[in-house]
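Participant: Take this structure first; my questions come after.
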Amino acid sequence: MKNTDAADQKNIFTFLATCDISARTKGRAIHNKDFTPDSSVGWVPANLGIGPLGHIVGGIPYGSSGDVRLKADASSLTTISGIPGQSDINYCFTDIVNTDGSPWESCSRTFLKNALKELEETHDVSMTASFEHEFVERAASRHPHPFSFSNFITAEPISSTLFQILENAGLEPECWLPEYAEHQYELTMKPSDPLTAADRALLLRDITTNVYRAFDSEVTFSPVATAETGGSGVHVHYGLYGRNGEAISFDPERPGRVSDFAAKFNAGVIKYAPALTAIFAPLTISYLRLKPDNWSTARAFCGLQNREALVRICPTNEINGKDPAPQVHFEFRGADAGANPWILMGCIIRAGLAGLEEDLDPVQIVEGDLDLDGIHKNLPELPSSLEKALELFEENPTVRSWFSEAWVETFLKVKRDEIDQLTGKSFDEQCEVYADVY
Ligand code: GLU
Ligand code: MG
């Protein structure tokens, strides 16, 4: 563990943070004494075109000229304190704005804010969300056993340190669990509004990585740490409620006990999932995870408590007569850590909104296990590679219309450059590249 000198623990900086197209958190720091709720710092539009491999991709619509600003959203201000050997820092998410303060066309946080606003205003509803993260401790050598207390206890004292740091930073960690795959853990957080949930998802990754580093250990949130190990997902739980939190998703008379409103929302998510796969599974190795018998997502379907569903109707706790109505909510299981959480959450909302606007019929709800050779063989498939996923995204005018043209062009160029750079590498080598990035 690093030396923890009290002198290191001064709190000097406020980091003004954004997240790019490849889900890396970026930004600039100012002195705490200079921070005001109006603070902003300069930023470069071309930064949008930096892929996971760390270079600005050529041919994107943003070049060497132009300026935007990272404008603090003071409601997100928090303090990260207690990472051994590191100074405490203040941390604030930002929206990217033009130099006159108007929203920048390609800001991913604004993308989520706008989608949420439209859902709330058009349908008079509110939403909750929470991101669950799985990650793997790299180079761990002890013999693991799935879900075991032995796995749990060998993560001490890192786990207690991390959980308390997350708690102090306001992330409301809920559960820390030793997972199924080798040296894999999972952290869940309590539900909040979707913007806060996506902000917390970003913070959780950086804090977790840094706490492990402080103990001379490395973790990765990459969807597949090595080609042989089980996948790590980012599951997004979402709930739909009335403006004042009224339960609107429960209807005991309907399939899966899901109300007509929620079923239409979910039908939109299922309908647009193939075109959105490049967004929620955006790495070349994401497709090693999205397959049958992997407890990730075998097909684009809605399943009752089924862990191979893209959208899972989550179980309710009815012990001692607890009311299921306010508990009914859904879990989007397709995503991984390559996806920008603001864009991911925004796309789930946009797809749900489309389901409501198009008045879609509810999709079939799969009950019990999948029978892909029999009754479930016609369930819609997701693309099986990033190349195919990008084509479906590119060809879908509805999905494209949710973004600025420049964002679409940049995204396609960044992702196709990434494929080019990784072509010729084995899956093992690709896994290694991504494990270093995520
Ligand atoms: N590890 C699985 C995934 O890749 C999820 C396992 C579970 O928590 O159900 O998404
Ligand atoms: Mg899990």
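Participant: Bin by bin, in steps of 10 Å, what percent of the Cα pairs in region 242-322 do you find, going until the bin that has the longest distance?
Facilitator: The distribution over region 242-322 is 16, 41, 29, 13, 1, given as percents.
Participant: Given charges of +1 on the Cβ of Lys and Arg and -1 on the Cβ of Asp and Glu, with all other atoms neutral, how large is the dipole of region 252-344 about its Cα centre, in debye to the nearest 20?
Facilitator: So the magnitude is around 180 debye.
Participant: Can you give me the three principal axis dimensions of region 144-252 from its C-alpha atoms, in Å, biggest first?
Facilitator: Taking max minus min along each principal axis of the Cα atoms, region 144-252 gives 46, 31, 24 Å.
Participant: With the cut-off at 1.5 for a/c, could you classify region 146-199 from its C-alpha gyration tensor as rounded, prolate or oblate?
Facilitator: It is oblate, given that a/c is not under 1.5 and a/b is not larger than b/c.
Participant: Which order do you get for H31, H133 if you rank them by accessible area with a 1.4 Å probe, largest at the top?
Facilitator: I get H31, H133, largest accessible area first.
Participant: Can you spot the lysines whose alpha carbon is less than 20 Å from K322's alpha carbon? Ignore those fewer than 8 places along the same chain.
Facilitator: The qualifying lysines are K190.
Participant: Over the Cα atoms of the chain, how large are the radius of gyration and the largest Cα-Cα distance (Dmax), in Å?
Facilitator: For the chain, the Cα-based Rg and Dmax read 21.2, 65 Å.
Participant: What number does region 92-183 give for Rg over Rh if you use C-alpha atoms and the Kirkwood radius?
Facilitator: Across region 92-183, the Cα-based Rg/Rh ratio is 1.15.
Participant: Right, another one. List the residue ranges in the chain for DSSP H helices whose C-alpha atoms run 27 angstrom or more along the long axis and whose Kyte-Doolittle average is 0.0 or above.
Facilitator: Helix filter hits for the chain: 194-214, 260-280.
Participant: Alpha carbon centre of region 255-278 versus region 140-201: separation in Å?
Facilitator: Rounded to whole Å, the Cα centres lie 29 Å apart.
Participant: Hey, another quick one. Run the paramagnetic zone check for N317: 7 angstrom along Cα to Cβ, then residues of region 234-260 with backbone nitrogen under 20 Å.
Facilitator: 235-241, 246-250
Participant: Under the classification rounded if a/c is under 1.5, otherwise prolate if a/b is larger than b/c and oblate if not, where does region 47-115 fall, given a ≥ b ≥ c as square roots of the Cα gyration tensor eigenvalues?
Facilitator: Note, shape of region 47-115 comes out oblate.
Participant: So, one more: Given contacts defined as C-alpha pairs under 8 Å and at least six residues apart, what's the relative contact order of the chain, whole-number percent?
Facilitator: Reported relative contact order: 18 percent.
Participant: Go ahead and collect, in residue order, the members of region 416-438 whose backbone nitrogen is under 13 Å from a label point 7 Å along the Cα-Cβ direction of R213.
Facilitator: 436-438
Participant: Could I ask something else about it? Can you check how the C-alpha radius of gyration of region 221-367 compares to 2.2 N^0.38 Å, as a plain ratio?
Facilitator: The value comes to 1.04.
The values are calculated or read from the model by the stated rules, or taken from the named source; none is laboratory data. Everything quoted here is computed from the prediction, not taken from an experiment. Cβ sites come from the backbone with ideal geometry, for glycine too, and all protein chains shown count toward neighbours. SASA here: full protein model, heavy atoms, side chains in, ligands and nucleic acids out. Shrake-Rupley method; radii C 1.70, N 1.55, O 1.52, S 1.80 Å.
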